[in-house]
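Participant: The structure that follows is given in the form of structure tokens.
The values are calculated or read from the model by the stated rules, or taken from the named source; none is laboratory data. Just so it is clear, the structure is predicted and the values come from calculations on it, not from any experiment. Heads up, the Cβs are rebuilt from the backbone with ideal geometry, glycines too, and the neighbour counts pull from every protein chain shown. Surface accessibility is based on the protein's heavy atoms, side chains included, excluding ligands, DNA and RNA. Shrake-Rupley method; radii C 1.70, N 1.55, O 1.52, S 1.80 Å.
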Amino acid sequence: MEILENLRILDGIDIFLVATLMFYLYRLVKGTVAINIFIGIVVIYLIWQLTVLLKMEMLSTILGQFIGVGMFALIVVFQQEIRKFLLLIGSTNLTKGGLFKNFNFSKKEGVLNLDIHAILGACENMSNTKTGALIIIRRATSLEFVKDTGDRMEIEVNRPIIESVFYKNSTLHDGAMIIEDNKITATRVILPVTQERNIPLRFGLRHRAAVGITEKTDALALVVSEESGAINYIKDGEFVLFDTIDELRVLLEEELM
């Protein structure tokens, strides 16, 4: 009761902010190998706090030293996640509600600006003809650092244009296409390739490039395999499974609304 009586409003805000930070850190590493490390660190920290509370001096000192030195190791272990988090914060637009959009506190109201039907229609046609394609859809994080490696454009998104760009005899078919605000803004873009070794060997350079750019940014990637004609959707460096093109459409709409 004494603790509750001395609890200030700022203490409640402090607890809420820490809980929110932990929740979004968990979401950031969820589904990756780093999640096990994250849970292990949380467990060790809780044990350390318990030993301090119980005044177990020797064990609390050892764990305290481990926690202190471990902070430097975390920078190495979580470098990809830290980079993604800083990119997320750095690309936030406070004046237009970008912060709340990025952290999913609220949904953005309004009509979806991207012509998903045209993109998926083109992907279906290219899948049927086994035409390889790599389409990157920008969200909050800027893609200027990769757009400079390709040819800049300013073309409204439509199915014939997408298909003509990736046509095998086209001079533009190599590399990735960047789509921003319903416009094709670059083609023949060279993307960073992931160093992840757990990707099955059946996936080629297009897929590894799609994983690489979605590891480093919050962009979405669609890949059409030149060998099998399969369409793959990649987000946050992970392959997102779907059964039908309509299900893929719903997944994209949820991410882009």
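Participant: Of 168, 130, 183, which has the most accessible area and how do the rest follow, probe 1.4 Å? List each step's numbers first, then the result.
Facilitator: Details: 168 145, 130 105, 183 70 Å².
Greatest to least solvent exposure: 168, 130, 183.
Participant: Based on C-alpha coordinates, I'd like the Rg and Dmax of region 116-172, in Å.
Facilitator: For region 116-172, the Cα-based Rg and Dmax read 12.2, 33 Å.
Participant: Still on this structure, I have one more. Would you work out what percent of the accessible area of region 129-181, with all protein chains in place, is carbon or sulfur (probe 1.4 Å)?
Facilitator: 49 percent
Participant: Size of region 188-257 along its principal axes in angstrom, Cα-based, largest extent first?
Facilitator: Here the Cα extents, ordered largest to smallest, are 29, 27, 26 Å.
Participant: Name the residue farthest towards the positive end of the dipole of region 149-240 from the options 165, 234, 199, assuming +1 on Cβ of Lys and Arg, -1 on Cβ of Asp and Glu, about the Cα centre.
Facilitator: So the residue furthest toward the plus end is 199.
Participant: Still on this model: On average, how much accessible surface per residue is there in region 131-203, in Å², for a 1.4 Å probe, leaving out ligands, DNA and RNA? Before the final figure, lay out each step's value.
Facilitator: Values: 3940 Å² over 73 residues.
For region 131-203, the solvent-accessible area averages 54 Å² per residue.
Participant: Between residue 144 and residue 242, how many nm apart are label points set 7 Å from Cα along the C-beta direction?
Facilitator: Rounded to a tenth, the inter-label distance reads 3.1 nm.
Participant: What full-extension length gain, to one decimal in nm, is calculated for residue 130 and residue 46 as 0.36 nm per residue of separation minus the Cα-Cα distance? Each step should come with its number before you reach the end.
Facilitator: On the way: separation 84, 0.36 × 84 = 30.24 nm, distance 5.30 nm.
The span from residue 130 to residue 46 would gain 24.9 nm if fully extended.
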